[in-house]
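Worksheet for the structure shown next.
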There are 2 protein chains.
Amino acid sequence: MLLLRRCHSLTRFGPLNTHSHRVAPAAARLWSSSSSEDQKSYHGPSWRHALAGLLAGTGAVLAYGLCHHKAERDDTPTVQTIEKTSALPIFSQEEVNTHRSLEDGVWVTYKGGVYDITEFVAMHPGGDKILLAAGGALEPFWALYAVHNQEHVLEILSEYKVGELKAEDLKKQQAVQTADPYSSDPERHPVLRINNLKPFNAEPPPELLSDSYITPSAIFFKRNHLPVPQVDPASYRLQVEGLPRGVLTMSLEDLKTRFPKHTVTATLQCAGNRRSEMNKVKLVKGLNWGIAAISNAKWSGARLRDVLLAAGYGPDVAKWAVHVQFEGLDKDVTGTTYGASIPLRKAVSEEGDVLLAYEMNGEDLPADHGYPVRVVVPGTVGARNVKWLGKIIVSAEESSSHWQQNDYKGFSPMTDWDTVDFKSAPAIQELPIQSAITVPADGAVVDRSLNEVTVKGYAWSGGGREVVRVDVSLDGGKTWQVAQLRTSDKEQASEPSPPPGQAWAWKLWEVTAPLPAEAQELEIVCKAVDNSYNMQPDTVPPIWNLRGVLSNAWHRVTVKIREDESEE
Amino acid sequence: MLLLRRCHSLTRFGPLNTHSHRVAPAAARLWSSSSSEDQKSYHGPSWRHALAGLLAGTGAVLAYGLCHHKAERDDTPTVQTIEKTSALPIFSQEEVNTHRSLEDGVWVTYKGGVYDITEFVAMHPGGDKILLAAGGALEPFWALYAVHNQEHVLEILSEYKVGELKAEDLKKQQAVQTADPYSSDPERHPVLRINNLKPFNAEPPPELLSDSYITPSAIFFKRNHLPVPQVDPASYRLQVEGLPRGVLTMSLEDLKTRFPKHTVTATLQCAGNRRSEMNKVKLVKGLNWGIAAISNAKWSGARLRDVLLAAGYGPDVAKWAVHVQFEGLDKDVTGTTYGASIPLRKAVSEEGDVLLAYEMNGEDLPADHGYPVRVVVPGTVGARNVKWLGKIIVSAEESSSHWQQNDYKGFSPMTDWDTVDFKSAPAIQELPIQSAITVPADGAVVDRSLNEVTVKGYAWSGGGREVVRVDVSLDGGKTWQVAQLRTSDKEQASEPSPPPGQAWAWKLWEVTAPLPAEAQELEIVCKAVDNSYNMQPDTVPPIWNLRGVLSNAWHRVTVKIREDESEE
């Protein structure tokens, strides 16, 4: 029932009929196969939204959009239907291979079936990433993005079936496809709350987050876009390209011994942190993060600046170069690596503190955090802190990767998947001021006999802007008190303020306040201020955006007060 | 009636009885002299708030707080009362001079009367600035800050009277005091809306502001703290202190010829811009600025960085120095100059673009804008852009000036003048994201027959963060549209984006939208986003602060739609 309600709310808020003219004939047939008018408008948007999430290439799970209608629609096609509907021609893999473009048609295979999805390509909101599968098998992609294992996806696919794959070609495919690309992913701490298993995305319970100023690596939030690559430290090589002296290739040992080791305490935050609050306003596309896709660690490594200087960076380069691109060693089935870029100015700045980190909290980087080397770009959105770093490219251009160009950008609340122009917004780099309440949890109960309530949380701002104040309200924002800030794991100890523009680490905060005499419920709210006096917006709807990023409105939790029973 | 209502609202919202224990005996007597209980609580806070504004040394006018009660209180003491109440001892100026501290007592003279204001000093919210007058005459201070010419001030003063000044000393004083320190202030453009005459503070009408990308100097907002000094360009000398080579002294000619001329288009904004919106929530102390205490100009001059390098700045200095202080040539009667400081890092950064400007919009700086030399600190609050620059001091410390230490800082909405600790907040440097609607004006009427409405405004962010989007709503924030941005005075032309972190100039914006069919009134709202994706807060009350600075909530204007009469 919960799922159904969510689907209904999608129907209510979603852009329902704006591009029905773009629905290809086969899809349109499926759409209109429902018997009642009511059902039609219900199924229509839900599978279209599902499509939107499927092949976006980000590992994004449209968890709320993917509703399971089996109980209602026993007449719909199923996996079995796909297997059985054949008196269709048989194609060789070689023949399928020739259909790899809109001009030649876009064909794919799935479990021995051949599908012409040419008409579907235009409906793919994630753009032409879908073409990566053209001429080949869908299985490797679906193995990467487990969300495809949904009956509705198969329903849609079945409408595009044009033939069967030659039996011996199918056998060859199956031999290759047996391996799970995620089989070598590392073990994870059981306390983590998993948002997606493959690729692995998980966050710690909020109350653990505010327990330690330095987040233990095991519970540091994990945000992988692809399988964790297995990297042999002995054969690991890092390449630096685009500088006058040509390509510089370094071993892990080179990185550790040729450059001074520099340590920075820096908070990383996923652009999608607190996305779940946007989902409550109107569904968005992306992992349904709570408030803990943010953590703080001590990172050590070589400064990127030092490495770039050693590779020949100088004033001449600054005349034409604008960006530094990073490529990870994590790859999808087509060999496309994760990629991102940051402004050159940040990379070469003495105060930018950008690291090629090989240690996290005093130990080798864990596998999930980029072993053996990752980029740490303090003050900058998590997505640019490329893990399992393989290549650095100094360039006049931003990274051309999907994640730089067509993801991780902010838009107006009215922009939808029909109207979005990804070129119109800058790639997120510095993040805005943020704070959230980790304790108490939403819905918690406080005993009246305790007389007071302790509220805890974190606050952080991007760009090295220091958090200077956190205001906490127990009455939904009518009155406020100023929280105590903490910048150390030592009791009562706080480090001195970092130099202006280098406040890379969060502040933990705490307020203990008397329980208001009359209240039966508290609406606890927090908001932070950074040293540029940026403040958090009050509410979520005006900052809602279709990807659910940059969710930094005041954080609110509601707590019930339980009256002392002995007095009643 | 309007004034009276304002006073009442002050009574309602103000911190009424929280520090009555601190009221000195004489003041307490005055307070309790009102006949009814009702009147007591009414007069109490209003004169106490008035006191708060009087001697703060910022030229701040508590326009709303200073209510004129003559009609209600004909029995209160007046100027004449002060002149007449004497059978008091006679003191020489020499004797008065000996009372210049809390230990020796704080005495002042006014129009031949001698007053012991020792007990009042502790009640002075502006801190010990009041001691500048100790041992001498009040008249020179009151001439600077015209707000003192209020009957209530004299009422309060009269309670502290202890004697009369010797007749011949009074004559000497009067001979000195005849000159008006503002008599040499320049002529100003009549279109300016004056918030305070002495010192001069004025803003242009909003609709003129959005007419030109580069604000003409004549209507560029004026924010003076003191009289405009008369500076002879031939004898002008700029001193640079605190560097290893000793004091560097430069003429205007030196500045123009020894250093490359650098031009920057930069927006300056007063920290108090849009303070009037905070005043509507709860009265604050400060000039009641509208939305136009912001303007954009083209500034030319020597880079501060180049001057500091010439004066001996180098890595050794960076080891101990943290701030660069500026002193203006504008002085109060005690010789105290206007002063402020900025972080050294900003001052010496190649990308910081800090100028010692001698031109504004291609001409010599106008007298109101700092002739012959001012500092322009792009991305930084107006108050640090010191005009009539006399001295630069490289230092380990911030400027000790009142304006750096005890003004221009932000606080929680619950902080009042009893609880404020100015040391607890950082001096404002970079300003947060800002935008406002210049056209239509609040309360304007739009004809239904026009079918559409055009909304115009400005948007800017501090720290060189570029405005990337402005959202405009006609329905109070329920739905939004994205405005067109403009970065040039040429029609349809926009300059390319500046390098990241160097977007010093505002963007003008415009939206033309159809009039909603049913609406009789539009609540037009704007909000801007910068490239760190900082957003403006939704509402004013949660960011309200006792000085009314940093007022950057969504800007709202209400417009009525007049139906076409021929159709009715």
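Structural remarks
- Where B:K391 falls short, out of the listed (1) part of a loop (DSSP other than H, G, I, E, B); (2) modelled with pLDDT of 95 or more; (3) of a type outside the set (V, I, T); (4) open to solvent by 10 Å² or more (accessible area, probe 1.4 Å): (1)
- Scope segment A:145-177; condition among the charged types (D, E, K, R) and under 17 Å from A:Y115 (Cα atoms); matching residues: A:E151, A:E155, A:E159, A:K161, A:E164, A:K166, A:D169
- Number of the condition not met by B:D442 [criteria: (1) surrounded by fewer than 20 Cβ atoms within 10 Å (Cβ to Cβ); (2) within 30 Å of A:N545 (Cα to Cα); (3) in contact with a Pro (Cβ under 7 Å, 6 or more places away or on another chain)]: (3)
- The residues of segment A:276-292 that are open to solvent by less than 10 Å² (accessible area, probe 1.4 Å) and either of a type in the set (S, T, N, Q) or over 27 Å from A:L365 (Cα atoms) (or both), listed by number, are A:M278, A:V284.
- For segment A:537-552, the tally of residues that are facing chain B (nearest Cβ under 7 Å), open to solvent by less than 40 Å² (accessible area, probe 1.4 Å) and part of a loop (DSSP other than H, G, I, E, B) stands at 3.
- Qualifying residue in segment A:431-449 (condition: assigned to a helix (DSSP H, G or I), away from chain B (no Cβ under 14 Å) and touching a residue at least 60 places away in the same chain (Cβ under 8 Å)): yes
- Here A:A505 passes the criteria (1) more than 25 Å from B:P541 (Cβ to Cβ); (2) free of Cβ contacts under 8 Å to residues at least 40 places away in the same chain except the one numbered (2).
- Within segment A:359-368, the set of residues being open to solvent by 10 Å² or more (accessible area, probe 1.4 Å) and in a strand (DSSP E or B) comprises A:E359, A:E363, A:D364.
- Checking each residue in segment B:272-304 for being out of contact with any Gly (no Cβ under 7 Å at 6 or more places or on another chain) and farther than 23 Å from B:Y213 by Cβ picks out B:E277, B:K280, B:V281, B:K282, B:N288, B:A302, B:R303, B:L304.
- Complete set of residues in segment B:246-273 that are of a type in the set (A, V, I, L, M) and touching a residue at least 60 places away in the same chain (Cβ under 8 Å): B:L248, B:L252, B:L255, B:V264, B:A266, B:L268, B:A271
- Some residue of segment B:218-229 being in a strand (DSSP E or B), under 27 Å from the mean Cα position of the chain (by Cα) and of a type in the set (S, T, N, Q): no
- Of everything listed in (1) among the hydrophobic types (A, V, I, L, M, F, W, C); (2) loosely packed, with under 15 Cβ neighbours inside 10 Å; (3) in contact with a helix residue (DSSP H, G or I) (Cβ under 7 Å, 6 or more places away or on another chain), the single unmet condition for A:W417 is (2).
- Scanning segment B:230-262 for residues that are open to solvent by 70 Å² or more (accessible area, probe 1.4 Å) and part of a helix (DSSP H, G or I) yields B:E253, B:K256, B:T257, B:R258.
- Of all residues in segment B:182-211, those that are assigned to a loop (DSSP other than H, G, I, E, B) and closer than 20 Å to B:H555 by Cβ total 4.
- Candidates B:W544, B:W506, B:W554, filtered to the one that is aromatic (F, W, Y) and touching a Gly at 6+ places or on another chain (Cβ under 8 Å): B:W554
- When segment A:389-430 is filtered for residues that are of a type in the set (S, T, Y) and more than 14 Å from every other protein chain (Cβ to nearest Cβ), the ones remaining, listed by number, are A:S395, A:S399, A:S400, A:S401.
- Screening segment B:293-351 for helices (runs of 4 or more DSSP H) wholly inside it with 2 or more residues that are within 12 Å of chain A (Cβ to nearest Cβ), within 27 Å of the chain's Cα centre (by Cα) and crowded, with 17+ Cβ neighbours inside 10 Å returns the ranges B:344-348.
The values are calculated or read from the model by the stated rules, or taken from the named source; none is laboratory data. These numbers were taken from a predicted model, which means no experiment stands behind them. Here Cβ is always computed from backbone atoms with ideal geometry, including for glycine, and neighbour counts include all displayed protein chains. Accessible surface is based on the protein model in full, side chains and every heavy atom, while ligands, DNA and RNA are left aside. Shrake-Rupley method; radii C 1.70, N 1.55, O 1.52, S 1.80 Å.
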